[in-house]
Amino acid sequence: MSEKLRLAVFLSGSGSNFEAIAKNCAEGQIFCEVAVVVSNVPDAYGLVRAKKYGIPTIVCDHREYATRQEHEAVLRRELAAFRYDLVVLAGWMRLLSGDFIQAQYNRRLGLPGIVNIHPADTAAYQGVHGYEFAMGLTKKGPRLTETKITVHFIDAGMDTGPVIAQRVVPILPADSLDDLRSRGLQVEWELYSRVLNQIAHGRVHLADGRVRIEE
Ligand code: GRF
């Protein structure tokens with residue numbers, strides 16, 4: 001790839017993953033550039049972080065629209081003003097429709113156009129509260145001895161798309177939820193940028209629903 005991979009980062013909250021990516025871009029650690037930050041939550045702290053990095057933002061509050069389609073139509077219209085290659089979900093708390101997902105497909109890369117990071121193994125747990133799941137704090141199972149941070153492509157399901165990379169985070173007996181989350185987030189920050197850089201260098205391939213990475 002001769003040009004940096006241009007990212008549209010979608011967030012709804014704190015945006016610590018976004019900031020890690022923006023910092024790695026600014027420091028030249030990864031061959032990427034954040035073109036725009038999109039938030040569906042007007043007071044998301046991630047927007048404050050975007051301002052710090054001088055990155056343009058789109059704020060589009062889903063509560064102002066009667067349907068998902070209307071909200072996404074506005075999102076698409078506003079996004080059209082930017083040039084980007086990949087949508088990077090970083091704490092984005094809205095399901096995206098199949099139409100929206102298909103429209104993002106990246107022909108140049110031959111890859112789905114949206115990636116996500118999830119704090120648990122997507123094969124074991126989908127949806128919000130992944131760290132709570134790993135700690136046994138949801139009704140979905142006992143406390144685990146490790147969680148698997150997962151970066152994956154988005155398909156029409158919730159956290160069901162092809163897995164690109166996973167990283168194990170041990171859960172120690174004395175860990176509180178906050179302990180696990182803060183250790184896990186540090187792994188997320190590192191893993192997400194690593195994957196984005198691999199995509200930027202054309203090393204991530206997808207065939208028959210399976211991802212292959214050239215090392
Ligand atoms: C992360 O734990 C991510 O895995 C999940 O949402 C959280 C977002 O955190 N999808 P932040 O907003 O990047 O700090």
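Considering the options 5, 30, 91, tell which one lies farthest towards the positive end of the dipole of the range 1-102, charges being +1 on Lys and Arg and -1 on Asp and Glu at the Cβ, about the Cα centre.
30
With a 1.4 Å probe and every protein chain left in place, tell me how much accessible area residue 93 has, in Å² to the nearest 10.
Roughly 120 Å² of residue 93 is accessible to a 1.4 Å probe.
Could you tell me what percent of the DSSP beta bridges with both partners in the range 5-213 are antiparallel, to the nearest 5?
The antiparallel fraction comes to roughly 50 percent.
I need the calculated FRET efficiency for the pair residue 176 and residue 213, taking r as the beta carbon distance and R₀ as 35 Å, to the nearest 0.05.
0.55
Over the chain, with a Gaussian network built from C-alpha contacts below 10 Å, which listed residue (21, 199, 171) shows the highest mean-square fluctuation?
Greatest mean-square fluctuation among the candidates belongs to 171.
Using a 1.4 Å probe, what is the accessible area per residue for the chain, in Å²?
I get 50 Å² per residue for this part.
Share of the chain's accessible area from carbon and sulfur, percent, 1.4 Å?
50
Please give the residues of the range 1-44, grouped as numeric ranges, whose backbone N is less than 18 Å from a label point set 7 Å along the Cα-to-Cβ vector of residue 51.
Residues 11-16, 18-19, 36-44 qualify, since their backbone N sits under 18 Å from the label point.
For 16, 2, 182, what's the largest-to-smallest order of accessible area, 1.4 Å probe?
2, 182, 16
So what is the relative contact order of the range 5-213, in percent, for Cα pairs below 8 Å that sit 6 or more residues apart?
Averaging sequence separation for qualifying contacts and normalising by length gives 19 percent for the range 5-213.
What is the dipole size for the chain, taken about its Cα centre, with +1 at each Lys and Arg Cβ and -1 at each Asp and Glu Cβ, in debye to the nearest 20?
About 200 debye.
The values are calculated or read from the model by the stated rules, or taken from the named source; none is laboratory data. A quick note: this is a predicted structure, and the numbers were derived from the prediction, not measured. Neighbour counts are summed over all protein chains in view; Cβ atoms, including those assigned to glycine, are modelled from backbone coordinates with ideal geometry. When the accessible area is computed, the model is the full protein with side chains, heavy atoms only, and any ligands, DNA or RNA have been set aside. Shrake-Rupley method; radii C 1.70, N 1.55, O 1.52, S 1.80 Å.
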